[in-house]
1. Got a sec? Which of B:199, B:146 is closer than 25 Å to residue B:258 by Cβ and either touching a strand residue (DSSP E or B) at 6+ places or on another chain (Cβ under 8 Å) or modelled with pLDDT of 95 or more (or both)?
2. Being away from chain B (no Cβ under 14 Å) and in contact with a strand residue (DSSP E or B) (Cβ under 7 Å, 6 or more places away or on another chain) is the filter; apply it to the range A:135-149 and report the residue that is surrounded by the fewest Cβ atoms within 10 Å (Cβ to Cβ).
3. Could you list, in sequence order, all residues of the range B:278-287 that are in contact with a helix residue (DSSP H, G or I) (Cβ under 7 Å, 6 or more places away or on another chain) and over 11 Å from residue B:191 (Cβ atoms)?
4. Just checking, which of A:69, A:111, A:52, A:74 is within 14 Å of chain B (Cβ to nearest Cβ) and either without any contact (Cβ under 8 Å) to a residue 12 or more places away in the chain or touching a helix residue (DSSP H, G or I) at 6+ places or on another chain (Cβ under 8 Å) (or both)?
5. I want to confirm something. Restricting to the range B:77-96 and keeping residues that are touching a helix residue (DSSP H, G or I) at 6+ places or on another chain (Cβ under 8 Å) and free of Cβ contacts under 8 Å to residues at least 40 places away in the same chain, which single residue is surrounded by the most Cβ atoms within 10 Å (Cβ to Cβ)?
6. Please list, ordered by residue number, the strands (runs of 3 or more DSSP E) wholly in the range B:1-43 having 1 or more residues that are closer than 20 Å to residue B:365 by Cα.
7. If residue A:284 satisfies all but one of (1) in a loop (DSSP other than H, G, I, E, B); (2) farther than 21 Å from residue A:170 by Cα; (3) in contact (Cβ under 8 Å) with a residue 12 or more places away in the chain, what's the number of the condition it fails?
8. So residue A:132 passes all but one of these: (1) within 14 Å of chain B (Cβ to nearest Cβ); (2) free of Cβ contacts under 8 Å to residues at least 60 places away in the same chain; (3) in contact with a helix residue (DSSP H, G or I) (Cβ under 6 Å, 6 or more places away or on another chain). Which condition number does it fail?
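The values are calculated or read from the model by the stated rules, or taken from the named source; none is laboratory data. These numbers come from a predicted model, not from an experiment. Virtual Cβ from ideal backbone geometry, glycine too; neighbours counted across all protein chains shown.
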């Protein structure tokens, strides 16, 4: 089957609106692009002559670099705009900035923004393809896709697996996109963390909520640890980093509860010694660097698929 | 100038009157007997003849924000919605916390407003919740109530003193009930949709904590506190219990909190962003029950115009609020009288006339002989479609564009003069 039949979206705004088939199709497409990275010449002409704008209103190094590399390998021309260098600091609205980019013939805009819904806002107002690279606490679809890709590569399939997502779920777009994607592909999801950051309302999304990491760890195939950002959060969510580690940190002692084939994942950047023990992050069960490499393939696939639609 | 409105169903809840008859207007006031010769005859066959409707919760944006709305344009929108009296909120620039600003508003209204525009004054200086505004002087300049609407005095001691002071000068206190700590940067109702969308939640308890506070203070000070735009089941429960004990506490409800739920925010459309936020169907049911049993006895719009460029931004950066004056009567008639049959038409008119008039001690809301001839003619069964493009407001921020509604005002008369007719 060809891309024309299985993919008809100009934008990737979130996982929630995707079908299981669409998600699988992106993962399958990424398989092909992953091989490009192993060649001597790591470049294909798929987006030659296209202009991609990395529009990062919220700071990011990892995701921006990954998108830039992905676009470069697809032969697109890439421009990077950050909040500091954009006219947003001069009071220009997001809509106007995007219209200016469009007037400069941007074909694809990759948007990272602190406001939930910002990617959808742009997609409704410009003709260019909009790729959501994280909008507030809403969605971060390419992160979820690369996480699923990594799991699938290691475990063969997603369906039937039990995945724990641990940490600050309330403020996490990574968690939301992962929840949507994992459930659509038939995995079981348990969210673990302090009750303030993992409120029971999440159960309405179809996941389990637990506040006892030790009980969950022996039952899971994957444990995905999210970054804890105590310094940026309101202090009332949990008392201290020390107490967080005591209750929810993946320590060496806790890791003994894991099945030997359980994958340890982390979207990064890692707080070594906080959500995860430093040695475990580099250990045999960790697939953290696989996630980074796979992220490149996923983003190439997403840019290729959406960029192909916008061309028409 | 003598006018006779013939053969309408005259509903005047203040006088417990509901009958087919003629209404006489002579020289701008309601007359008692038919004149020997009239200058104007209005056929009201099939229409309801009601006291001019009153909306006690309107943002007119002047002074300071004339690109959103002016007193003149807001008054025209009010007339087109069937309102003859509107009460403006003080969150203008400058804030309506000084007699000079009140005088300016009254001058602007006298010059350009086609309906009665009544100002409110701030509770606290600059709406900051830190120190009392000059409440006595504001009342002497003509404010009909005190409110920090848009803001909420968090300091319970300051609020207590404000209510005590308001009792002395004889005006009620209207309160936008929002506990800042509980609500934080909340944008939408805390629940399923806030969880799904990753939007900061605005919990129902954030309103209810202040409603409870207000009940305690109304009791302590033995004075009227009116809770604005009540949106939660818990608020209704608290108000019901307190009113049953005779506490001087009341609440109003806005049409959007009945017509919509928080599900509407799922596309991040800022026309569904209001404060307090849209809530769930169970909260809507509780509001309807509160209207049915009289716990909530005032209807109001919270008309909050914002320019398109201000609303067309990221969800968290958009201002709260929507237009209301031209849709509220239609929405309430459609929802309360026709669809849910929560109340009958005379009660709806009561909630738009005599109840707000009593709350704010206004000389309005009645068809008693000698009263100012403020009259609204309503076709309660007229089916129509709201088109924001035809709005009299300067702004267009509404989620109701294109809605088909049943029932609307067809003529608005202020002091005997028709200021708007369909």
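1. The match here is B:199.
2. Filtering the range A:135-149 for residues away from chain B (no Cβ under 14 Å) gives A:142, A:145-149.
Among the residues that remain, those that are also in contact with a strand residue (DSSP E or B) (Cβ under 7 Å, 6 or more places away or on another chain) are: A:142, A:147.
Details: A:142: 27, A:147: 29.
Checking each candidate, the answer is A:142.
3. At the first step, the residues of the range B:278-287 found to be in contact with a helix residue (DSSP H, G or I) (Cβ under 7 Å, 6 or more places away or on another chain) are B:278-280, B:282-284, B:286-287.
Hits for the range B:278-287 are B:284, B:286, B:287.
4. A:111
5. Across the range B:77-96, the extreme among qualifying residues is B:88.
6. On the way: elements: B:2-12, B:17-26, B:40-43.
Result: B:2-12, B:17-26.
7. (3)
8. Just one mismatch for residue A:132, condition (2).
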